[in-house]
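First the structure, in the form of structure tokens, and then the observations on it.
The values are calculated or read from the model by the stated rules, or taken from the named source; none is laboratory data. From a predicted model like this one, the values you see are computed outputs, not experimental measurements. Neighbour counts run over all protein chains shown; Cβ positions are idealised from the backbone, glycine included.
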């Protein structure tokens, strides 16, 4: 990992500002397990007032137990009707099934002023884990929409909605692509934490064949590997339904436990020059009965290093 970052040539200029959570509600790992989001086409809007001025660069909610595209956004406040007025900035990501803080960088950073009322709006996957700690004090006023924000239900209260708004280059991780069938299902890659300088994050695996071993690629591309275009079918190697999704200059080995799970912790050096660098991951799981290749493959993971 360190060798890969040391030789990286960044295509983006490094951002000097330190990333930080500038405003949050119920910023913990505690959540109401078993509470899911409704839908379809649900937009959940949570009203909040920022205590100080800052430029918002990333929005997160606490969710999982689903896959597919999610969108987060900041909306201005309609004081007359006490509802979202218009989007200020948004971003989208492919969510992971693991319950954790997930979100997206805003495609256009949003400058917020002290005591400004805004709405954190989450366009969620139906049936995914609700970003709530429970019911009780401190819950944000919220509304819902199923027609793209043309009209809103509510307002409602009493739910302790969880969200985080970042400033600075916070980093990012999301999943992409698809894995292939093995003896214990289709191996799934997920993550916990953000790739940021001077810290570490976990790349996780489940649904692998229990009590075996797995390999994790750490690459710098999801478009080419050794001059070959990606994704690359592994049919020629005897795995017709599996694909290589990442380059693999670094490959790490981990044991798979009796539940079919594994995890590798990746550390990012405390060097601001690596901010903006992209990393790509994929698990390959030993499964001799699955195909002639003897391995199954997971979906892919894409990271952008933050500061």
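Please determine whether any residue of the stretch 253-268 is farther than 14 Å from residue 297 by Cβ, at pLDDT 95 or above and out of contact with any strand residue (DSSP E or B) (no Cβ under 9 Å at 6 or more places or on another chain). Yes - at least one qualifying residue is present in the stretch 253-268.
Go through (1) outside any strand (DSSP E or B); (2) within 22 Å of residue 52 (Cα to Cα); (3) touching a residue at least 60 places away in the same chain (Cβ under 8 Å) and name the single condition residue 121 misses. So residue 121 meets the others, but not (1). Residues that are at pLDDT below 95 and within 16 Å of residue 148 (Cα to Cα) within the stretch 38-96 comprise 38, 39, 40, 41, listed in sequence order.
Residue-level check: of (1) without any contact (Cβ under 8 Å) to a residue 60 or more places away in the chain; (2) touching a helix residue (DSSP H, G or I) at 6+ places or on another chain (Cβ under 8 Å), residue 257 misses just (2). Selection of strands (runs of 3 or more DSSP E) fully inside the stretch 160-235 by the criterion of at least 2 residues being more than 30 Å from residue 121 (Cβ to Cβ) and more than 21 Å from the chain's Cα centre (by Cα) returns 213-219, 232-234.
For the stretch 45-64, check the following and say yes or no: at least one residue is more than 11 Å from the chain's Cα centre (by Cα), assigned to a loop (DSSP other than H, G, I, E, B) and within 29 Å of residue 178 (Cα to Cα). No; the residues of the stretch 45-64 include none that is more than 11 Å from the chain's Cα centre (by Cα), assigned to a loop (DSSP other than H, G, I, E, B) and within 29 Å of residue 178 (Cα to Cα). Scanning the stretch 126-136 for residues that are within 23 Å of the chain's Cα centre (by Cα), assigned to a loop (DSSP other than H, G, I, E, B) and surrounded by fewer than 22 Cβ atoms within 10 Å (Cβ to Cβ) yields a total of 2. Inclusion of residue 139 among residues that are outside any strand (DSSP E or B) and either in the same structural domain as residue 58 (by TED's automatic domain parsing) or buried (at least 19 other Cβ atoms within 10 Å of the Cβ) (or both) is warranted.
For the stretch 101-117, the criterion of being outside any strand (DSSP E or B), within 30 Å of residue 298 (Cα to Cα) and modelled with pLDDT of 95 or more is met by none of the residues.
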